[in-house]
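Some notes on the structure that comes next.
The values are calculated or read from the model by the stated rules, or taken from the named source; none is laboratory data. This one's a predicted model, so the numbers in the text were calculated from it and none came from an experiment. Quick reminder, even Gly has a Cβ in these numbers, built from the backbone with ideal geometry, and neighbours come from all protein chains shown. Ligands, DNA and RNA are stripped out before the accessible areas are found, and what is left, the full protein with its side chains, is counted by its heavy atoms. Shrake-Rupley method; radii C 1.70, N 1.55, O 1.52, S 1.80 Å.
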Amino acid sequence: QPKTGSRPIIADNLGNTIFGSIEVGSSTVGHTWFTFIETHKASALSIVRSIGFFPIEDVDPYVNSSSKGIASNDGGRNADVQLIFDVTAAGFFKLLANCSIANNEYYDIYSNNCTGWSLKKLRDAWQVSLPETLDQFFVGTDKGPTPGNLGEDLRYLDMSTIGNPPHVQRVNKITQPRKSLLNAGNCSK
């Protein structure tokens, strides 16, 4: 979230959320990403990949709202709210394969930003539908999902509303800020 525990579109390191008072050099709009952890039972070794969806070129809500997208490393990023899904092996690889095509997709501020992309991947792979609160990015622009809204939606999510989707064995929620895991381990071919 741009500011932990709140819904603003943007914030700076001082906690300012009003557009005219934000220190541009330290501003953030937040981010949404996945961390995949595959643990091999025989060796107890884990492979960890924290990945998110980004635009390759700068995007702007007024001029150019889309760009070719790319999956990139999000290891060590500050996280405000996390959902942890324990899933079947088939479910794990289904979501991983769905996310691995990110470099062939387009990032769009309104319809396929990091938050919209993540929510769509969960729906497509596991039939998990999480709240998708839309917000207007700036005056005169369209609406789209935002990390601030998703963070607050998840913070107050009644976990029973997730139901029993295919591939999902258990879901836990963490609402204490922490860091995402760093990428570790070697992937086999």
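Does Phe19 meet the test of being within 26 Å of Ile101 (Cα to Cα) and of a type outside the set (Ser, Thr, Tyr)? Considered against the rule, which asks whether it is within 26 Å of Ile101 (Cα to Cα) and of a type outside the set (Ser, Thr, Tyr), Phe19 comes out as no.
Pairing each residue of the range 108-123 that is touching a residue at least 24 places away in the same chain (Cβ under 8 Å) with any residue that is open to solvent by 10 Å² or more (accessible area, probe 1.4 Å) and in a helix (DSSP H, G or I), provided the two are 6+ apart or on different chains, yields C-beta distances under 6 Å for Thr115/Pro147; Thr115/Leu150; Lys121/Asn98. Selection of first residues in the range 127-156 that are buried (at least 21 other Cβ atoms within 10 Å of the Cβ) and of second residues that are charged (D, E, K, R), restricted to Cβ pairs under 6 Å at least 6 apart or on distinct chains, gives the following pairs, ordered by first then second residue: Pro145/Glu132; Thr146/Asp135; Gly148/Arg7; Asn149/Arg7; Asn149/Asp135; Gly151/Asp80.
I'm trying to understand the selection: among the residues of the range 66-89, which are open to solvent by 30 Å² or more (accessible area, probe 1.4 Å) and either more than 28 Å from Arg178 (Cα to Cα) or assigned to a loop (DSSP other than H, G, I, E, B) (or both)? So that I can check it myself, show each step before the final result.
Of the range 66-89, the ones open to solvent by 30 Å² or more (accessible area, probe 1.4 Å) are 66, 68, 70-73, 77-78, 82-89.
Within the range 66-89, Ser66, Lys68, Arg77, Thr88 meet the criteria.
Residue count for the range 5-35, restricted to those that are among the hydrophobic types (A, V, I, L, M, F, W, C) and in contact with a Pro (Cβ under 9 Å, 6 or more places away or on another chain): 5. Only one of the listed residues (Ile51, Ile47, Ile9) is closer than 25 Å to Ile101 by Cα, in contact (Cβ under 8 Å) with a residue 60 or more places away in the chain, open to solvent by less than 40 Å² (accessible area, probe 1.4 Å) and not hydroxyl-bearing (Ser, Thr, Tyr). That residue is Ile47. I'd like to check something: does the range 151-162 contain any residue that is in a helix (DSSP H, G or I), touching a His at 6+ places or on another chain (Cβ under 9 Å) and not small (Gly, Ala, Ser)? No, there is no match, as no residue in the range 151-162 is in a helix (DSSP H, G or I), touching a His at 6+ places or on another chain (Cβ under 9 Å) and not small (Gly, Ala, Ser).
The residue that is least open to solvent (accessible area, probe 1.4 Å), counting only those in the range 28-43 that are hydroxyl-bearing (Ser, Thr, Tyr) and without any contact (Cβ under 8 Å) to a residue 24 or more places away in the chain, is Ser43.
Among the residues of the range 163-183, those that are within 25 Å of Gly75 (Cβ to Cβ) and not in a strand (DSSP E or B) comprise His167, Thr175, Gln176, Pro177, Ser180, Leu181, Leu182, Asn183. Annotation: of all residues in the range 39-65 being within 19 Å of the chain's Cα centre (by Cα) and in a strand (DSSP E or B), the one that is farthest from Asp108 (Cα to Cα) is Val48.
Among the residues of the range 110-118, are any modelled with pLDDT of 95 or more, in contact with a Phe, Trp or Tyr (Cβ under 7 Å, 6 or more places away or on another chain) and outside any helix (DSSP H, G or I)? If you could, list the steps in order and put the result at the bottom.
Restricting attention to the range 110-118, the residues satisfying the condition of being modelled with pLDDT of 95 or more are 112-118.
Now drop any that are not in contact with a Phe, Trp or Tyr (Cβ under 7 Å, 6 or more places away or on another chain), which leaves 112-114, 117-118.
So of that shortlist, the ones also outside any helix (DSSP H, G or I) come out as 112-113.
Checking the range 110-118: at least one residue is modelled with pLDDT of 95 or more, in contact with a Phe, Trp or Tyr (Cβ under 7 Å, 6 or more places away or on another chain) and outside any helix (DSSP H, G or I).
Residues in the range 12-23 that are open to solvent by 80 Å² or more (accessible area, probe 1.4 Å) and within 26 Å of Ser118 (Cβ to Cβ) were compared, and the one that is modelled with the highest pLDDT is Asn13.
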